[in-house]
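Each value in this text was obtained by applying a stated rule to the coordinates, not by laboratory testing. The shown structure was predicted, so the numbers you read here are calculated from the model rather than taken from an experiment. Reconstructed Cβ throughout: ideal geometry from the backbone, glycine too, with neighbour counts over all protein chains shown.
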Amino acid sequence: MLFINPPVATPSEPPAGIARLAGSLREHGRACGVLDLNLPCLLAQFEHEIEADDRWSKRANKDRQRNITQLRVPELYRSFDRYQRVVSDLGRVLNLAGRKSGCKITLANYEDPTKTPLRSADLLASAEQFETNHFHARFSPLLEEALVTHQPEYVGLSFSYLSQALTGFAVAGFIRHHFPEIKIVAGGGLITTWMSNPAWTNPFQGLFDLCLAGYGEDQLLELFGSESRSGLGRLSYNDFSLADYLTPGVVLPYAASYGCYWQKCQFCPDFAEGSCYEAIPAKKVIIEIDQLIQTHKPVLVHLLDNAISPALLRHLADYRLGMPWYGFARFEKDLEDFDYCIALRRSGCVMLKLGLESGSARVLEQLDKGIDLEGASRILNNLQRAGIGAYVYLLFGTPAETESEALLTLEFVRTHWQAITFLNLAIFNMPVCSPEAADLDNRFSDGDLSLYCDFVHPRGWGRKAVRGFLQKRFRKDPLVQNIERRSPGVFGSNHAPFFLSMTT
């Protein structure tokens, strides 16, 4: 089997999903390969000069290869202004490159104005017209070489993001046209979300031989007649060009669990999709990460869990990886202990991503977040004192929120602006498969693959009002602006740790 990661996704680390699937099959004696098409397809956009008329475009075009090199050098991250200019110039080159085919390309997204990944007819058209895809000239020779080399019976296409859908379907169309004997399996987070919709009828039966929801390991092992696994498979990164990703050294992604151990947050996609939770024992996690560190010599470990379990965090606090690491965590009671936060920092923790969502106790209670604001305040202060960055996620416009609660969130951020290192602001979207959607007045999109449905806010706090609040009130606050000036932009949390002290 050959696993493929299609463009476009942020090119900062190898795709852990197909790395684990490949490792799992190999553990069971099954031959397989992996092909990350995302990285070479994006890098190919910088190989040739692009016609440029204005001064910015000419500069970006002239410096494009040097800027790629700069992103792989630690010194760049010591000057935020230089970093912003480099990333902005690379984005300009991608913008110019996309104009040739009438599409919009960034370091994290791909859009075609003639097609939407939310409509199955458009995705099937992308597969049928694969030669018109912007990345076809680059992915076709790489794909053909890999298919000839591996001679797979199956190809597994991994779709994690909407931004991968149009090109991923073009890849499927290429395979179906040139290698019709190969069976195509589609999986990943995006496929899982689509299949979780009660209205799902699989419009892709003529293109994909199989669509898999969830983590896919059991289904693939069953497909090949192997015994079911015992726990999540072992990660394998030997097939990836780790040094080519756009980071100052190798970043090692590692998922210690699937799903979320909390499983209570209202409107969360995991909750709405009924995802199960499965975790690797904490002691085994430490052993596997140690082995991966010895093999690949990374500069940073990225824990991919939806939320790192308290048990694993305690093991990490007791065991020094000797390597900087970061990941998502909940505002758990353990973090209210300053000595515990110090132990985490000594273990290598440089940043924790934390989903606060709201500064209103009533909203948090309505969302079943299990967050106490006084405890969250202590945690943020502890992390700051311990030298651990806090990447805080806020969510505005939930059905429980009004402008009054949004103002409480603003006040919470103002109070803790020195302890909040980075901010991620989002406007609430109602998952189409959310049980709560049935209780609200909904307006569904024309796209049969829509991930979200528009709804009439029960308190009149609609998206337009929320957007206006964020633009005219929240982001205008001087203390919020102090935080947002530190934002790494398109690379987000993937690059944020490199602006913090990485000493372990």
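At each listed q (0.22 Å⁻¹), what is the log10 of I(q)/I(0) that the Debye formula gives for region 312-384 modelled as equal alpha-carbon point scatterers? Calculated log10 I(q)/I(0) at the listed q: -0.93. The listed peptides 4-15, 386-397, ordered by packing as a protection proxy, come out as 4-15, 386-397 (highest mean of other Cβ atoms within 10 Å first). If you filter region 451-483 for chymotrypsin sites (Phe, Trp or Tyr not before Pro), then keep DSSP loop positions with at most 10 other Cβ within 10 Å, what is left? Answer in residue order: no site qualifies. Extents of region 192-292, taken as max minus min of Cα coordinates on every principal axis and listed largest first, are 43, 36, 35 Å. Put in line by how crowded their Cβ is, counting other Cβ atoms within 10 Å and starting with the fewest, 323, 351 read 323, 351.
The ratio of the alpha-carbon radius of gyration of region 269-393 to the globular-protein estimate 2.2 N^0.38 Å is 1.09.
A cysteine counts as unpartnered when no other cysteine's C-beta lies under 4.7 Å of its own; in the chain this applies to 32, 41, 103, 211, 260, 276, 341, 349, 433, 453.
A quarter of the convex hull surface defined by the alpha-carbon atoms of region 71-217 gives 10.9 nm² as the mean projection. Close amide H pairs (under 5 Å, H built 1.01 Å from N) link residue 210 with 184, 186, residues at least 5 positions away or on another chain. Against the set (1) 60, 52, 49; (2) 67, 52, 42; (3) 114, 70, 55, the structure's computed Cα extents along the principal axes in Å falls on (1).
Annotation for residue 114 and residue 62: the two label points, set 7 Å from Cα along the Cα-Cβ direction, are 3.5 nm apart. Label reach from residue 72 (point 7 Å along Cα→C-beta): in region 13-34, amide nitrogens under 19 Å belong to 13-15. The angle separating the long axis of helix 338-347 from the principal Cα axis of greatest extent in the chain is about 30 degrees. Across region 1-83, the convex hull enclosing all Cα atoms gives 121 Å³ per residue.
Take every pair of alpha-carbon atoms less than 8 Å apart whose residues are at least six positions apart; their mean separation over the length of the chain yields a relative contact order of 14 percent. For region 1-247, the equivalent ellipsoid derived from the alpha-carbon gyration tensor has semi-axes of 32, 21, 16 Å in decreasing order. 3J(HN,Hα) along region 82-99, derived from phi through the Karplus expression 6.51 cos²θ - 1.76 cosθ + 1.60 where θ = phi - 60°, amounts to 5, 4, 4, 5, 4, 5, 4, 5, 5, x, 5, 4, 5, 4, 5, 4, x, 4 Hz, with x in place of Gly and Pro. Phi-derived couplings, Karplus 6.51 cos²θ - 1.76 cosθ + 1.60 at θ = phi - 60°, listed residue by residue for region 23-29: x, 5, 5, 5, 4, 9, x Hz, with x used for Gly and Pro.
Dipole magnitude for region 1-247: computed about the Cα centre from +1 point charges on Lys and Arg Cβ and -1 point charges on Asp and Glu Cβ, it is near 820 debye.
Under the simplified labelling scheme, the residue 291-residue 426 pair shows an inter-label distance of 3.3 nm, with each label point 7 Å from Cα along Cα→Cβ.
Against the main long axis of the alpha-carbon atoms of the chain, helix 403-415 sits at an angle near 80°.
Evaluated over the Cα positions of region 135-261, the convex hull gives a direction-averaged projected area, one quarter of its surface, of 10.1 nm². Across the cross-link table entries 264/353; 183/284; 62/100; 104/297; 58/100; 283/333, which are compared at the Cα atoms, the separations over 28 Å belong to 183/284; 104/297. Give the aspartates and glutamates reachable from residue 472 as a straight Cα distance under 19 Å; neighbours fewer than 8 places away on the same chain don't count. Cross-link targets: 401, 403, 405, 411, 484. Other residues within the sphere of radius under 10 Å centred on the Cβ of residue 409, judged by their own Cβ, net out at -3 (K and R +1, D and E -1). Rounded to the nearest whole angstrom, the semi-axes of the ellipsoid equivalent to region 250-499, taken from the Cα gyration tensor as √(5λ), stand at 31, 22, 17, largest first. Under the simplified labelling scheme, the residue 404-residue 148 pair shows an inter-label distance of 7.0 nm, with each label point 7 Å from Cα along Cα→Cβ. Close amide H partners of residue 396, meaning residues 5 or more places away or on another chain with modelled amide H under 5 Å apart, are 426, 427, 428.
Only DSSP H runs of four or more residues enter the estimate; each adds -39500 (n - 2.57), and after division by the residues of the chain the mean residue ellipticity at 222 nm equals -11500 deg cm²/dmol.
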